[in-house]
């Protein structure tokens, strides 16, 4: 290839290979887990494996990893989770959900981090640049889109004002 290549293109085959080794034929379940399961479920559990029965029957088992205190809550939400996951696949790919428990601290393999780290605030951002970025996106009603546009505007405006260039 000539020039630069997108990082996602470089990593797609590696992500697919790692996902397939755990039974994930569609890596979207791993990469978009929060959107699929919802923020409450994604904050307490994550998918770790999809296993298929030896008899070759239709439907697989999705294994979710969670802490012990959240297991009973997830147990009651199994049907909702299964419906959402199957909607992602487009057919009834998952027939069962199994919940595996781990300790939040302890052995290195059993330590599970479910919450995303909080985004770090921009250090040294100029207040005038922040104000201009907010003003440029103030008409947008969708909160997540507005925040994304503000961040983009801050990057563009700070790049223009960079004295090093």
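Miscellaneous remarks
- Extension gain, residue 125 back to residue 6 (0.36 nm per residue minus Cα-Cα distance, nm): 40.1 nm
- Inter-label distance, nm, simple model (7 Å from Cα along the C-beta direction), residue 73/residue 140: 3.1 nm
- FRET efficiency estimate (nearest 0.05) - Cβ-Cβ, residue 28 to residue 156, R0 35 angstrom: 0.70
- Inter-label distance for residue 101 and residue 40, nm, one decimal - labels placed 7 Å from Cα along Cα-to-Cβ: 2.1 nm
Bear in mind that the values in this text are calculations on the coordinates, not laboratory data. None of the values given here were measured: they were computed from a predicted structure. Cβ atoms come from the backbone with ideal geometry, glycine included; neighbour counts cover every protein chain shown.
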